[in-house]
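Novice: This is the structure I want to talk about, given as structure tokens.
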Ligand SMILES: C[S@@+](CC[C@H](N)C(=O)[O-])C[C@H]1O[C@@H](n2cnc3c(N)ncnc32)[C@H](O)[C@@H]1O
């Protein structure tokens with residue numbers, strides 16, 4: 001069984017085409033994808049020995065030899081054209097950007113699925129600055145946590161109208177349009193969190209409260225139309 005956040009990633013993988021999972025750790029995603037017949041084969045990459053041993057146990061226990069393990073930094077162990085989908089889940093946004101930028105053949109990849117656990121605004125800003133096609137943007141909740149999934153097409157060049165729009169970079173250009181339940185719950189939680197931060201800062205006598213007020217007003221606008 002995959003957790004909901006990894007199910008969300010699996011939903012966007014190109015069917016019938018090989019996949020690479022960067023920072024695979026337990027290798028549950030690539031093993032699931034192969035066993036369910038979603039992809040014919042997978043390359044599971046991690047830069048550390050412990051996670052790779054964990055991945056090997058999963059592959060052995062679930063008898064899934066079509067998942068190959070490689071040790072290395074980010075996408076570096078991949079040859080150009082070896083896979084059609086690359087997944088980067090459970091890493092920080094800044095790390096994901098640096099791993100993608102370090103791979104010279106990025107533009108040859110039909111699809112990259114990212115699930116950054118931090119730095120969402122920076123990841124969107126990078127997509128916009130690189131003019132990379134943004135195919136999908138979704139949110140799921142798992143327990144107390146909210147997970148953002150971004151599906152990009154590095155081979156597609158697009159001028160994003162939201163590139164300089166702080167509100168879209170914060171809230172997600174596609175999520176603002178589709179307003180799924182997990183996104184609305186996240187907006188409400190962020191609104192409450194910012195309200196608490198503003199009250200605390202104000203009680204502590206902080207003077208420059210404008211940035212907090214602006215963020216709070218932004219969230220409130222999106223609450224209001226629910
Ligand atoms: C939190 S786990 C995420 C595991 C899995 N992708 C998931 O979402 O459940 C992050 C994994 O990324 C690996 N990792 C961190 N930096 C890496 C890098 N530069 N190259 C490859 N793997 C890396 C870590 O060793 C760890 O196993």
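Novice: Which ordering of 199, 124 is given by a fewest-first count of other beta-carbon atoms within 10 Å? Don't jump to the answer; show the numbers that get you there.
Specialist: Numbers: 199 11, 124 26.
Ordered from fewest to most neighbouring Cβ atoms within 10 Å, 199, 124 come out as 199, 124.
Novice: OK, next. For the residues 210, 166, what sequence is obtained by ranking on other C-beta atoms within 10 Å, fewest first? Display every interim value, and only then the final one.
Specialist: Numbers: 210 8, 166 13.
Placing the least packed residue first, the sequence is 210, 166.
Novice: Same structure, new question: For the chain, give the share of DSSP beta bridges that are antiparallel, in percent and rounded to the nearest 5; count only bridges with both residues there. All intermediate terms of the calculation are to be shown ahead of the outcome.
Specialist: On the way: 13 of 31 bridges.
Among the beta bridges of the chain, antiparallel pairing accounts for roughly 40 percent.
Novice: Considering the Cα trace of the stretch 113-226, what is its radius of gyration and what is Dmax, both in angstroms?
Specialist: When restricted to the Cα atoms of the stretch 113-226, Rg and Dmax are 15.3, 50 Å.
Novice: So, one more: Any chance you could give the angle, 0 to 90 degrees and rounded to 10, that helix 49-61 forms with the longest Cα principal axis of the chain?
Specialist: Helix 49-61 sits roughly 60 degrees off the main axis of the chain.
Novice: In Å, what is the Rg of the alpha-carbon atoms in the stretch 182-224, and how long is Dmax?
Specialist: According to the Cα coordinates of the stretch 182-224, Rg and Dmax are 10.8, 35 Å.
Novice: For a quick check, take a GNM of the chain with Cα springs below 10 Å and name the residue from 180, 161, 30 with the largest mean-square fluctuation.
Specialist: Looking only at 180, 161, 30, the largest GNM fluctuation is found for 161.
Novice: Quote the Stokes-Einstein diffusion coefficient, in whole µm² s⁻¹, for the stretch 9-49, based on the Kirkwood radius over alpha carbon pairs, a temperature of 37 °C and a viscosity of 0.692 mPa s. Mind dumping the intermediate values first?
Specialist: Values: Rh = 10.2 Å.
It comes out at roughly 322 µm²/s.
Novice: Taking the 0 to 90 degree range and rounding to the nearest ten, how far is the long axis of helix 120-130 tilted relative to the main principal axis of the chain, both from C-alpha atoms?
Specialist: That works out to roughly 70 degrees.
Novice: Take 25, 46 and order them by how many other Cβ atoms sit within 10 Å, fewest up front. Could you put the intermediate results ahead of the total?
Specialist: Values: 25 18, 46 24.
Sorted ascending by nearby Cβ count, the order is 25, 46.
Novice: Assuming a viscosity of 1.306 mPa s and a temperature of 10 °C, what translational diffusion coefficient in µm² per second does Stokes-Einstein assign to the stretch 4-159, Rh being the Kirkwood radius over Cα pairs?
Specialist: In µm²/s, the coefficient is 103.
No lab work stands behind these numbers, since they all come straight from the coordinates. The shown structure was predicted, so the numbers you read here are calculated from the model rather than taken from an experiment. Note that each Cβ is placed from the backbone with ideal geometry, even for glycine, and that neighbours are counted across all protein chains shown.
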